[in-house]
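Take a look at the structure below.
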Amino acid sequence: MVEEFTLESFKRFCENNRFMVVKCNNCGRIFLPPKMFCPYCDSKDLVWMEIGRVGVIVSYTEVHVPLKGFEKFNSYIVVLVEFEGGIRLPGILKNAKISDLDIGVKVLLEFSKDYPSGYYFTLQQPL
Ligand SMILES: [Zn+2]
């Protein structure tokens, strides 16, 4: 089955524990969120590609007033994580203290329907 290059498709892959990004066959770059054409060269020659689930924290913050949809999470840490090819994803980091975090710390992308985004992060290396 050919999956369209939409956020719905991305979420469906997450439900199947697969971290999929869109790859452009013309310029070779990968990107998220999914688009019907390449944001770098406008090509429509695209394919889905699975990439590794380990990334590094490039930004992080603690949220004390939850956003809509995240009310059940009292206070939580949001991280921006960069993966291979420059792919960046924001999400909740589970089981971590803000004082333990730093830029460059490795995290693992994990999938769960308990999160509105369909995924969350955990620390990948002991601190
Ligand atoms: Zn391209």
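Every number here is computed from the coordinates shown, using simple stated rules; none is lab data. Because the structure is a prediction, the values reported are computed rather than measured. We place every Cβ from the backbone using ideal geometry, glycine too, and count neighbours over all the protein chains shown.
Is there a pair in Lys11/Lys68; Lys44/Lys106; Lys23/Lys72 whose C-alpha atoms are over 30 Å apart, and which pairs would that be?
On the way: Lys11/Lys68 19 Å; Lys44/Lys106 33 Å; Lys23/Lys72 35 Å.
Violating the 30 Å Cα-Cα cut-off are Lys44/Lys106; Lys23/Lys72.
Taking the alpha-carbon distance from Lys113 and a cut-off under 19 Å, which aspartates and glutamates remain once sequence neighbours fewer than 8 residues away in the same chain are dropped?
Filter leaves Glu8, Glu15, Glu71.
Using a Gaussian network model of the chain whose springs link C-alpha atoms within less than 10 Å, name the residue from Pro90, Pro34, Pro116 with the highest mean-square fluctuation.
For the chain, modelled as a Gaussian network with Cα springs under 10 Å, the answer is Pro116.
Take the chain, compute every pairwise Cα distance, and split them into 5 Å bins from 0; I just need the percent in each bin.
2, 11, 20, 20, 18, 14, 8, 5, 1
Non-local amide H neighbours of Ile77 (under 5 Å, H modeled in plane, Pro and chain starts lacking H): which ones?
Val63, Leu93
Expected output is a single nm value to one decimal: the length gained when fully extending between Ile98 and Val63, i.e. 0.36 nm times separation in residues minus the C-alpha distance. What is it?
The Ile98-Val63 span can extend by a further 11.6 nm.
If each of Glu82 and Arg18 carries a label point 7 Å out from its Cα toward its Cβ, how far apart are those two points in nm?
Result for the modelled spin labels: 2.8 nm.
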